[in-house]
Structures are given as C-alpha cells and as structure tokens.
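Enquirer: Dumping the structure here so I can ask a few things about it.
The values are calculated or read from the model by the stated rules, or taken from the named source; none is laboratory data. Small disclaimer: the values here were computed from a predicted structure and weren't measured. Heads up, the Cβs are rebuilt from the backbone with ideal geometry, glycines too, and the neighbour counts pull from every protein chain shown. Note: areas computed on protein heavy atoms with side chains; ligands, DNA, RNA excluded. Shrake-Rupley method; radii C 1.70, N 1.55, O 1.52, S 1.80 Å.
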Amino acid sequence: MIPAPEERSVWLGLRRGLAGKCPSCGQSKMFSSYLKVLPKCAGCGHALDQYKADDGPAYFTILIVGHGMLAPLLFVEAVRTWPLAWVTTIMVTSVLGASLTLLPIVKGAFVGVQWAVRDRGGV
C-alpha cells in the first residue's frame with residue numbers, strides 16, 4: 001500500500017510559523033532563542049535547520065513597519081506641530097519596538113511557508 005502524501009499547505013505552514021511552532025507537527029516550539037531556529041523539532045524530530053530564511057524576514061518586517069507605521073505619519077498633524085525631539089523619540093522607540101516584536105513572528109511565518117512549499121533555501 002502506498003502511504004498517503006504528507007499534507008502541506010501554505011496556510012497551515014503560515015499559521016503554525018506565525019505561532020512560533022514547528023510547521024510539521026504544530027506542537028513544539030521552533031526557536032531556541034530570539035531568532036535561532038532549533039536544529040530538530042522536539043516533538044516530531046523534523047529537521048528545522050534545513051530552512052534558510054536569510055534576509056527575507058528582515059525585508060518583510062521593514063515592509064510591514066514602514067508601510068504600517070511610517071507612511072500614515074504623513075497625514076498626522078502632530079508630526080508637523082509637535083517639537084521635533086518629541087516626534088523623533090516617539091517614532092524611533094515605536095519603530096524599534098515594532099520591528100523587534102515582528103521579526104521573530106515574520107521569521108516563523110517565513111520558515112512555515114518554506115516548509116509548505118518544500119523549499120530548503122538552496123540546500
């Protein structure tokens with residue numbers, strides 16, 4: 001009897017990756033630290049280090065933060081009327097916080113999609 005092919009969908013990999021879980025089983029964590037992907041999943045033994053995210057998550061994070069936070073500032077009156085030091089402090093802090101928060105989430109999603117499409121980053 002031929003075994004059923006492992007079901008992989010982009011949405012499944014994306015959802016599990018956004019949660020920081022192994023894209024294969026969805027149970028165990030994917031990261032050992034802030035952005036370090038575990039070599040193997042503790043739950044199912046899937047080799048997670050075969051997926052090379054490289055600069056992709058950083059580009060997507062910049063895209064999200066840039067379009068989601070900085071572009072709307074062009075239409076906010078406070079940017080033009082508040083003192084420059086206030087606006088600069090608030091924006092630098094906000095952009096840094098959003099970027100550092102989103103980066104592991106985006107990297108998890110990136111690895112999840114790579115799992116779904118069976119892309120191992122040129123390996």
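Enquirer: If a residue must be open to solvent by 50 Å² or more (accessible area, probe 1.4 Å) and either closer than 14 Å to Lys52 by Cβ or charged (D, E, K, R) (or both), how many such residues does the range 92-112 contain?
Expert: Residues in the range 92-112 being open to solvent by 50 Å² or more (accessible area, probe 1.4 Å) and either closer than 14 Å to Lys52 by Cβ or charged (D, E, K, R) (or both): 1 in total.
Enquirer: Somewhere in the range 52-60, is a residue among the acidic types (Asp, Glu) and under 15 Å from the mean Cα position of the chain (by Cα)?
Expert: Within the range 52-60, one or more residues are among the acidic types (Asp, Glu) and under 15 Å from the mean Cα position of the chain (by Cα).
Enquirer: Checking Leu102 against (1) closer than 19 Å to Pro57 by Cα; (2) modelled with pLDDT under 90, which single condition isn't satisfied?
Expert: (2)
Enquirer: When only residues in the range 23-73 that are in contact with a Gly (Cβ under 8 Å, 6 or more places away or on another chain) and either among the aromatic types (Phe, Trp, Tyr) or farther than 23 Å from Arg8 by Cα (or both) count, which is surrounded by the fewest Cβ atoms within 10 Å (Cβ to Cβ)?
Expert: Phe31
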